[in-house]
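Some notes on the structure that comes next.
The values are calculated or read from the model by the stated rules, or taken from the named source; none is laboratory data. Small disclaimer: the values here were computed from a predicted structure and weren't measured. Cβ placement follows ideal geometry from the backbone for every residue including glycine, while neighbour counts extend to all protein chains displayed.
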Amino acid sequence: MEKEKEETTRRDWFSQVFMWGGLVLSYGTLAIFCLAFLLPKRVKPKTRKLFAGLKNHYEIGAVQSFYDLQGNEILVKRNKSGFEAFRSDCPHLGCKVHWQADKQQFFCPCHRGVFDADGKAISGPPADAGQNLYRANLDVDDSSGVVYIEVRDV
């Protein structure tokens, strides 16, 4: 009794290739959808630009105060090189800092924390911990001279 040798026809070969290809494609698609379900998209929070005045209304070295949509105070400062914006809460304990124009620095009354004009902590507990003022996003449209603060939308 001799075993008969099976010959693979071209039709059988193509059916095997398409069957396995379809199986790999369907399971691959299922795996992609499962991963997309398990790993949610990282959604960037929606933001909005708030009008913060005209460039020529800011004096160099002066700070103006604005509030975002959640009621947080933002301090906008103009210096010789441009504009900067900082959140007014101290990174140490969250107390409100204020601008001292005569000393050209930000001051936190809670623990006598002092920040320079660029928001860097120079004395007090924030300096010991290396905590600088939080920056806020700012956009200056040079063509129209309008200053915008970019804040989180509610």
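If you go through the range 19-72 and keep only what is in contact with an Asp or Glu (Cβ under 9 Å, 6 or more places away or on another chain), outside any strand (DSSP E or B) and not aliphatic (A, V, I, L, M), you end up with 45, 46, 55, 72.
Screening 69, 93 for residues that are modelled with pLDDT under 90, farther than 24 Å from residue 49 by Cβ and surrounded by fewer than 15 Cβ atoms within 10 Å (Cβ to Cβ) leaves exactly one candidate, 93.
Per the conditions (1) exposed (fewer than 14 other Cβ atoms within 10 Å of the Cβ); (2) touching a strand residue (DSSP E or B) at 6+ places or on another chain (Cβ under 9 Å); (3) more than 29 Å from residue 56 (Cα to Cα), the sole criterion not satisfied by residue 135 is (3). Only a single criterion out of (1) surrounded by fewer than 10 Cβ atoms within 10 Å (Cβ to Cβ); (2) free of Cβ contacts under 8 Å to residues at least 12 places away in the same chain is not satisfied by residue 29, namely (1). Residue count for the range 88-119 under the criterion of being assigned to a strand (DSSP E or B) and of a type in the set (Ser, Thr, Tyr): the result is 0.
Table: residues versus (1) outside the structural domain of residue 56 (by TED's automatic domain parsing); (2) touching a residue at least 12 places away in the same chain (Cβ under 8 Å); (3) closer than 24 Å to residue 81 by Cα.
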site: 96; (1), (2), (3): no, yes, no
site: 99; (1), (2), (3): no, yes, yes
site: 102; (1), (2), (3): no, no, yes
site: 119; (1), (2), (3): no, yes, yes
site: 134; (1), (2), (3): no, yes, yes
site: 148; (1), (2), (3): no, yes, yes
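Scanning the range 73-82 for residues that are farther than 17 Å from residue 132 by Cα and touching a residue at least 24 places away in the same chain (Cβ under 8 Å) yields 79, 82. Residue 51 meets the conditions (1) at pLDDT 90 or above; (2) outside the structural domain of residue 142 (by TED's automatic domain parsing); (3) of a type in the set (Phe, Trp, Tyr) in every case but one. The failed one is (2).
So is residue 75 under 22 Å from the mean Cα position of the chain (by Cα) and assigned by TED's automatic domain parsing to the domain that holds residue 128 or not? For residue 75, the condition - under 22 Å from the mean Cα position of the chain (by Cα) and assigned by TED's automatic domain parsing to the domain that holds residue 128 - is met.
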